[in-house]
Structures are given as structure tokens and as C-alpha cells.
Amino acid sequence: MTSVTIKDVWKYYGKTMAVKELNIEVRDNEFLCLLGPSGCGKSSTLRMLAGLEFISSGEVFFGDLKVNDIPPRDRDIAMVFENYALYPHKTVFENMANPLKLQRMNKTDIKERVVWAAQMLEIEELLQRKPVELSGGQKQRTAIGRAIVREPKVFLFDEPIAHLDAKLRSHMRGELKHLQRRLETTTVYVTHDQLEGMTMADRIAVMHEGVLQQLGTPGEIYNHPVNEFVAGFVGEPPMNFLDCRIEGAGDSASLVYDNMNLALGGEQSRILETKGAAREVRLGIRPDDLTIEMGTDHGLELSAKIFVTEPLGGDMLIEADFGQDRMTIKRKIAELGQPGDACGIAVNSEKLHVFDRDTGEAFF
Amino acid sequence: MAVNTIHREPPEQSAYRGVRRVDHSPQIFNNQPARYYLMWLLLPAVLLLAAISLYPFVWLIYMSLHEVQLAPGKSDLWAGVDNFTRLFSDKSFARGWVTLFKYSALCLSVEISLGVLVAVILNNSRLEKLFITIFLMPMMMAPVVAGFLYMFLYNGTFGWYFWLLRSLGVLDGGTILGNKSWAMAGIVATDVWQWTPLIALITLAGLKRVPQEQLEANMVDGAGPLRNFFSVALPNLYPFLLIAILLRFMDNFRFIDTILIMTGGGPANATKILPTYLFDVSFKFFELGRGAAIAFTLLLLTILLGLILTKIFEDPTRKIKTDGMD
Ligand SMILES: Nc1ncnc2c1ncn2[C@@H]1O[C@H](COP(=O)(O)OP(=O)(O)OP(=O)(O)O)[C@@H](O)[C@H]1O
Ligand SMILES: [Mg+2]
């Protein structure tokens, strides 16, 4: 129920830099996801928001209040830890009641709140159990219960569902998102799983090696990645990259790879020209934006050979080789080509991305 | 176990699954002879140990049921339970128990609270390693030496502690060990000085194992440092404290070297804990039968208290509670 502003925040552990000049504003009631690979500084950022870690330099505001020097207990936050961090000697009820007890709420109110949260999370029958008697999913619900009982200003989640099995994880994604909408509480959610970010967040902050790469809605991140890292990190299966050469100029540039010649649209060509793209660039294209046809007389831009096919039930992933490179194509139809079969690949040129080969910056 | 091994089965074998039973049990169960072989190997050692520890115990019971004769050639007289029944009317025996409990309770409470405090301070100190080395020194000392050291410190002519207490005006007359109300404090202080480090060390080991995340979660929940210690760290320390308390309470019931050296049970029996009385009965009055009876009660109570303590401090996380909500 407050905005969170991270302003020029740096984090050093001794000489190791974990977070570099971070600027993020989490809006009131927003579900913001910190997304990035292992070791990119997500947890460090979250722990600075919680007050569990000193801020090396920079400022953190909750609303207008600077919280740098406020200890965790006075920040009015609730945090869910990766390993749940339940108190083993306390029952589920006592675990969930802990923050309320520390607020000196009276017993009947505590009971009411805990039962309310337990009902919401469907763990009422477990209230008298100890954490050792719970399954992973139940522990995780208890940890979330402990966070939601007291209507904090901000929820902080550190990979709360990373240790659950795939099915439960997908179920909990929906539950958590629903819960956040219902409670209308500003939320910062850390994950390394891009699917969690894409499905749950209002906005995603993609981090890499301590540096914020891009901050935007899942749609923006997916459709307009600002650089090669973001493009490759978000999306499953990941984006295909292909080193190409630009030929032509002005309004009619084209990308050349081997004997493929891909004509770019007028606007795309102009962007490359105004941004002064080098000749050598990297093409990025998502598996969904490729078309495949079997046989040799396909008339498509690229001729390739099937390397392997991976049926996913409804969809089919096809990996195809051409020259030194390999691409993944995702198709609805299950054309069952055999490995080694010839095929043709067409690129949806409206959906393609071009990156600077040195800096990784996206031109579009 | 079986679930994992099934995947490692070679394909030819899994074709037979359901027809031929493939045994995936660990080796030891298949190889019964191996276990017997081990047992025979261990047998001599086990027998020897049993004999060594059982013999004195059996002898103790024998003595407690006899009037043991010391003169050579005289055989012991059967006394039945006389040695035990006489204890009921023995005032010194009862007083010995009271003094023992007082002594043990004082030692334990001071040592535990001080030990935990020291451990917490050490845990947050940069000089942890150095301090541990220094703190360990009293523990290395033989109890008799500790006794002599403290007698020196308490000495009524040149003892530092004596001088200190006198200067502060708390000790009005006599010496520390010669004063009926100060003597107990004197021997407790010696025990505390020597054994607090052990408790601090055990607690420190426990503190290192308190999960950081639990402490952090509690901080976020709104707990201050003190609250955090009592509601998260301390419960996690219970198993460690149990070990410390068990060790110390059993030692208090056994070790009388320091007391024998320092006061011998005086003044006016103020420090005559039961084991000291037992020593007197057996080796001053030479009533070995009665001494054995006293020793037997001491043994029984030590075992009983040990069991009770284990029950109290039982790791609460292991307890399974299946009833529903109230
Ligand atoms: N207490 C610490 N002391 C020293 N270095 C640390 C400490 N905590 C984290 N780091 C370093 O800081 C960097 C960022 O760590 P952080 O825990 O924030 O990563 P993360 O994005 O949460 O990764 P993961 O997904 O694996 O949890 C890493 O390089 C890590 O090694
Ligand atoms: Mg982390």
C-alpha cells in the first residue's frame, strides 16, 4: 500500500559488486518481478528492501519515507523466503500468528486473522501441525500465510515457489497472482524463472550481473527486448540468434546470411541507418515466428535439415540445421519430419530483432 | 531406495520385471553371514566391557546388602535391606541430598545463563578464536588444582577475593570458606569458573547452527534482537543445552575433589553434599555397606534425573502431534 523507490542503489560485499546503480520505482499496488539468472543480485536487492542487508550507497523510499536506516521490524514489510524459514518448534498456527503476536494484537483478533488467512490458503486443517509434518507446498503456504496475516505495506518474495514440483508451481503461480490482486499490496517478487515473471507480474525488471537491463510490462519485455541478453533470457524456447550482414542502404536494406536474403521493411531499414548500425549484426527471431515446410521445393528463404523433433503434445519443437547454425522452430501442426529430412524455413520479418554484435543493444 | 535403483536397471532386466523378482535390497541384508562374522569379532570386546562395568555394579549391590567386614578373614554379614532402611532415619543423609540439590541447582543455573551469555558475545565477536583459547584454560585444569587455586584466592591473609569482599564490606567476619553462608558461594564460584567455558563452547556450537533465515524472518515479523534470541535462537539451542546440562549435572553429582580440597564439607556441614557424606561414611567411618547403599540411591537418582531431563528437552520439532484444531 505504498510505492517503493530504489534510487541509485549499489551493493558491495567487500570487493564483490552485487548491484550496480539500480533505479526502479515500484508503483502502489503493483506486482513487480525482479528477474534474472543466478547471482545477478536479485536477492541482494530484495534484502536491501527488507533491511536485512546494508545499502552500500543510494536510497530506498517507501512512499516518501526514506527507509535506509529503518530496521526490518519497523519497515512494515512481509517477506517469504526461498526456504520458507518456518520456526520448527512452533505449530503452523503459531508460525502464522508470530507477526501479529509481535504487534501485541489480542488473542481473539489473532485467531480470527490466522483462520482467515488459513482459509484463503486452504490450510485450516493443518494449523496444529509442526513444520516437519508438512509437505513442501504446505510449508510454502504457511510461509505465505505468515506474510499475509497482517496487511503489510509491501510483500517481498524471494523465489518462494522455486522448490515446488512443476505442477504445484504452476498452480501456485495463479494463486499468488490472484492473492496479490485481492489484497492489493505492493509486491516485489524475485525469480530466475522467466515463466513466473511473464505470467504473474505487472512489470518485470530484468537484471544481469547486478545491472538493470530493462524494466517493462511482460509484453514489452517479450516483444521489444532492449538487448540480446533480455531477448535470450525471456521466452521459452529461447530466441534464435543468427549472425548476418546488412546489405543495401536507405529504405531497402536486407539481411544476408549464406544464400538467404531477407528484405527488411522500410521503417526497419531506416532505423538501422539512423542508428548507424555496423555491417555485421545479429538477427534474433523467436521460434514462434518461423515457418517450416518439408521437402526441397519449398521456395522459402532458408534450406535446412531437420536435426531433431520434439513433440510437446499440442505443439511441436523442431530443431533444424543449416550451415554452422541451428534454429528452433515451434509449430502447431505436427508435421512429422524425420531427422535428416530436408526442409525450408521462412522468417516472419515483422517479428524479427536486430542486435549490435559488439554491445548486444537492440536496434529493434 | 528401490525407487531409485529401478531406473538404473539395465533394459534386459526390466523386461523381466514382474516375472523374476530382482532384489534391490542393500548388500548387507543379502549377506547374512557377513553380519554374524562381525558379531563374533565384536564379542570379546563387548564381553570385556560388560564385565568391567558390570562387576563394580554387582559388587556395589552386594555390599549394600551386607555389613562389610574389614578385618582380614572375617566374612561379611548379611544385612538384608537394613542399610537402606537406616537411611530413612539418617539426618545427615537427608541434609546431604538437600545440600547437593542446592549446590547443583546453583552451579547449573549460573553456569547455563553465564555460558549462554558468553557464547552469544563470542559469536558476535571478531576475536572469537582468541577468546575461545583463553576461555578454555580453566577447563584444562584438574579439579584439584582449581580447588587449590581458589583456596589461595579465598585465603584469609593474602587472598585477592577475600581482600576484595572485605574491602567492599560484604564479608564482615571470618574467611570466605570459614563462613557458613559464604562457603557454598565459594565452592559454586569455583565450579562456575571452571565449567562455564564448557557450556559456552557447546552453546557456541549450537549458535552456529541456528538457521539465519529463521532469525531474519523473525526480524521481518517485527522482533527485536532480544525477542529474536528468546523465540528463535534459544529453541534451536535446546538439544545443545540438554547435552550441557546433562554433562554438568552428572558431574556435580560425581566430582567431589574440589570440595574435599577446599572445605571437606564444612563449615558445619554447609557444603557437605551427599557424595561428600558418602565419602565420609565409607572412608572415614569405614561403614562400606551403608556407603554402598547411599551410593546406590545416588546412582538411581542420577539415572532418573537424566531421563527426566531428556524428556523435558526432547527436540520439540520431532514430536508428532496428530490432533486437529481446538
Ligand atoms: N553475503 C554475501 N557475501 C559475499 N558475496 C555475496 C553475498 N551474498 C551474495 N553475494 C554475491 O553477490 C552476488 C549477487 O548475489 P544474490 O544473492 O543477490 O544473487 P541472486 O540473483 O539472488 O542469485 P540466486 O538466483 O542464485 O539466488 C553474487 O555474485 C553473490 O556471490
Ligand atoms: Mg537469490
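Just wondering, is there one or more residues in region A:9-16 that are in contact with a Lys or Arg (Cβ under 7 Å, 6 or more places away or on another chain) and without any contact (Cβ under 8 Å) to a residue 60 or more places away in the chain? Within region A:9-16, one or more residues are in contact with a Lys or Arg (Cβ under 7 Å, 6 or more places away or on another chain) and without any contact (Cβ under 8 Å) to a residue 60 or more places away in the chain.
Considering the conditions (1) within 14 Å of chain B (Cβ to nearest Cβ); (2) in contact with a Leu (Cβ under 9 Å, 6 or more places away or on another chain), residue A:161 is excluded by exactly one of them, (1). Could you tell me whether any residue of region A:152-170 is at pLDDT below 90, of a type in the set (Gly, Ala, Ser) and within 16 Å of ligand 1 (Cβ to nearest atom)? Yes, region A:152-170 has at least one match.
More than 27 Å from residue A:126 (Cβ to Cβ), in contact (Cβ under 8 Å) with a residue 12 or more places away in the chain and more than 15 Å from ligand 1 (Cβ to nearest atom): which single residue out of A:60, A:19, A:92 fits that description? It is A:60.
Looking at A:63, A:51, just one residue is within 21 Å of residue B:228 (Cβ to Cβ), away from ligand 2 (no atom under 13 Å from the Cβ) and either crowded, with 16+ Cβ neighbours inside 10 Å or more than 14 Å from chain B (Cβ to nearest Cβ) (or both), and that residue is A:51. The set of residues in region A:104-143 that are touching a helix residue (DSSP H, G or I) at 6+ places or on another chain (Cβ under 6 Å) and closer than 18 Å to residue B:223 by Cα contains only A:110. For region A:128-135, the condition holds for no residue, the condition being that it is of a type in the set (S, T, N, Q), more than 14 Å from chain B (Cβ to nearest Cβ) and in a strand (DSSP E or B).
Just wondering, is there one or more residues in region A:306-313 that are charged (D, E, K, R), assigned to a strand (DSSP E or B) and under 25 Å from the mean Cα position of the chain (by Cα)? Yes. Looking at residue A:29, is it touching a residue at least 40 places away in the same chain (Cβ under 8 Å), more than 16 Å from ligand 1 (Cβ to nearest atom), part of a loop (DSSP other than H, G, I, E, B) and away from chain B (no Cβ under 14 Å)? Answer is yes for this residue.
All of A:5, A:45, A:16 fail the test of being of a type outside the set (D, E, K, R) and within 13 Å of ligand 2 (Cβ to nearest atom), apart from A:45. Residue B:174 falls short on exactly one of the conditions (1) at positive phi; (2) within 14 Å of chain A (Cβ to nearest Cβ), and that condition is (2). If the condition is being within 24 Å of residue A:329 (Cα to Cα) and within 29 Å of the chain's Cα centre (by Cα), then region A:238-280 contributes A:238, A:239, A:240, A:241, A:242, A:243, A:244, A:268. Among the residues of region B:268-276, not a single one is in a helix (DSSP H, G or I) and without any contact (Cβ under 8 Å) to a residue 60 or more places away in the chain. Residue pairs whose Cβ atoms lie under 7 Å apart, sitting 6 or more positions apart in sequence or on different chains, and linking a residue in region B:290-312 that is in a helix (DSSP H, G or I) to a partner that is among the hydroxyl-bearing types (Ser, Thr, Tyr), are B:291/B:282; B:292/B:64; B:293/B:64; B:296/B:64. Under 16 Å from residue A:206 (Cβ atoms), of a type outside the set (Phe, Trp, Tyr) and touching a strand residue (DSSP E or B) at 6+ places or on another chain (Cβ under 6 Å) - does that describe any residue in region A:4-11? Yes, region A:4-11 has at least one match. Would a scan of region A:21-39 turn up a residue that is more than 18 Å from residue A:80 (Cα to Cα) and among the basic types (Lys, Arg)? Yes, region A:21-39 contains a residue that is more than 18 Å from residue A:80 (Cα to Cα) and among the basic types (Lys, Arg). Only a single criterion out of (1) more than 8 Å from ligand 1 (Cβ to nearest atom); (2) farther than 30 Å from residue A:199 by Cβ is not satisfied by residue A:13, namely (1).
Return yes or no: is residue B:100 in contact (Cβ under 8 Å) with a residue 12 or more places away in the chain, under 20 Å from residue B:279 (Cβ atoms) and surrounded by 13 or more Cβ atoms within 10 Å (Cβ to Cβ)? It is true that residue B:100 is in contact (Cβ under 8 Å) with a residue 12 or more places away in the chain, under 20 Å from residue B:279 (Cβ atoms) and surrounded by 13 or more Cβ atoms within 10 Å (Cβ to Cβ). Of the numbered criteria (1) free of Cβ contacts under 8 Å to residues at least 60 places away in the same chain; (2) within 16 Å of ligand 2 (Cβ to nearest atom); (3) not aromatic (Phe, Trp, Tyr), the one residue A:162 fails is (1). Each residue in region A:256-282 was checked for being surrounded by 14 or more Cβ atoms within 10 Å (Cβ to Cβ) and hydroxyl-bearing (Ser, Thr, Tyr), and 2 of them qualify.
The values are calculated or read from the model by the stated rules, or taken from the named source; none is laboratory data. These numbers come from a predicted model, not from an experiment. Glycine gets a Cβ as well: all are built from the backbone with ideal geometry, and neighbour counts include every protein chain shown.
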